[in-house]
Structure formats: structure tokens, C-alpha cells
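Worksheet: the structure to be examined is printed underneath.
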Amino acid sequence: MKFVSIIMGSKSDYEIMQNCSETLDKFNVKYEMIISSAHRSPQRTKDYVKEAEAKGSVAFIAAAGMAAHLAGAIAAATTKPVIGVPMKGGAMDGMDAMLSTVQMPSGMPVATVALGKAGAVNAAYLAMQILAIFDKELAAKLTEDRIVKEKAVALDSKEIEVIL
């Protein structure tokens, strides 16, 4: 069974990361979701990555705030794609999380998405795009979703547009 792994550094990330799991649910994409810290529970994190890979995880989504580098710790433990979601909060309101997630050394890639809700949703979409490389049904659903979004923009515009 192929699925996506969602790992949060702390319970405080759950409210935002629910947007990630809800997006995957919308497309009937299976996922696991756990809390594990790169710094407070490093062995748990490493063990989970190996267990998830063995069960069929295709991609890892890692959400952490401050300079806690969960995505980097996961990238060090796997060759599967890792998507980092920097979380807002702390003294720098997410800037430290964003910089620590995006600044990876050569050969240890982490795809970094936006802070907060947009990042949680985009992480789900990016993981689904990875899955869709080999899943034509999911690829079709993602294409249809883009068409629906395009039509919604046109409808919104019709309500307010003024064109000469």
C-alpha cells in the first residue's frame, strides 16, 4: 500500500496540519500522521521513517516551527521525497523555521512550501503530484481539481468584473 507520512514536531502543529490531512482525504489518499521531534525524540523519528518506508510510504511531509529541523532529520534518514512545512511561531514568527527548512546542504533535498495553512495544503498537493506520477486515476483527479479551480476564478470575476 502506498501512502504519505505526515510528521509534526509537536501537538501545537496539529491545527494547521489538519489542512494537509483534509486535503489528502478529499482525494482519498492514504496517510499516516504522527508527532515526533527531531530533537526531543530523535530515535522515534528515525525509527518511524524506516518503519513507514517498509510499509510503503512514498513521501514524507514534515512540519516544525522555530529552527527545529524535522525535515532535515527526515531527509538524512531516507531517500524518499521530503516536503517541509515551516510553522509560524516563536520569536521570529516562522522566519527561522522557513530558513532552516529551505537551507539544506547539497545532496539532501527538502522541498519547502509556504508557512502555515497554505503550506500544509500545498504539501499535500505536492505529495499527491509525486504519487500521481504512477497513479493515472489520481493524476486525473488532480487535473479535474485544477479545472474546477479555474472555473471558480472565472465565476468570481463575473460577479465583480468591469471590462470596457
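Beyond 21 Å in Cα-Cα separation lie the following of the pairs LYS2/LYS26; LYS55/LYS141; LYS11/LYS88; LYS55/LYS80; LYS30/LYS50; LYS26/LYS149: LYS55/LYS141. The length gained on full extension between THR79 and ALA152, counted as 0.36 nm times the residue separation minus their Cα-Cα distance, comes to 22.5 nm.
Taking the average, over residues, of other Cβ atoms within 10 Å as the packing measure, peptides 140-150, 105-115, 125-135 rank 125-135, 105-115, 140-150 from highest down.
Peptide packing: for 44-50, 78-84, 89-95, 60-66, the average count of neighbouring Cβ atoms within 10 Å per residue gives the ranking 60-66, 78-84, 44-50, 89-95, highest mean first. FRET efficiency for the pair GLN103 and GLU22, taken as 1/(1 + (r/R0)^6) with r the Cβ-Cβ distance and R0 = 25 Å, rounds to 0.30.
Once the C-beta distance of LYS11 and GLU161 is scaled by a Förster radius of 35 Å, the resulting FRET efficiency is 0.20 to the nearest 0.05. The phi torsions of the stretch 78-88, fed into the Karplus equation with coefficients 6.51, -1.76 and 1.60 and a -60° offset, translate into couplings of 8, 9, 6, x, 10, 10, x, 10, x, 9, 6 Hz, rounded to whole numbers, with Gly and Pro shown as x. Comparing Cα centroids, the stretch 113-140 and the stretch 54-73 end up 15 angstrom apart. Modelled label positions at MET95 and ALA139, each set 7 Å beyond Cα in the direction of Cβ, lie 4.2 nm from each other.
Here the chain is treated with +1 on each Lys and Arg Cβ and -1 on each Asp and Glu Cβ, and its dipole about the Cα centre works out to around 420 debye.
Here, each number is a calculation from the coordinates, and none is a lab measurement. Computed from a prediction, not measured in an experiment: that's the story for all the values here. A quick note on method: Cβ atoms are made from the backbone with ideal geometry, for glycine too, and the neighbour counts reach across all protein chains shown.
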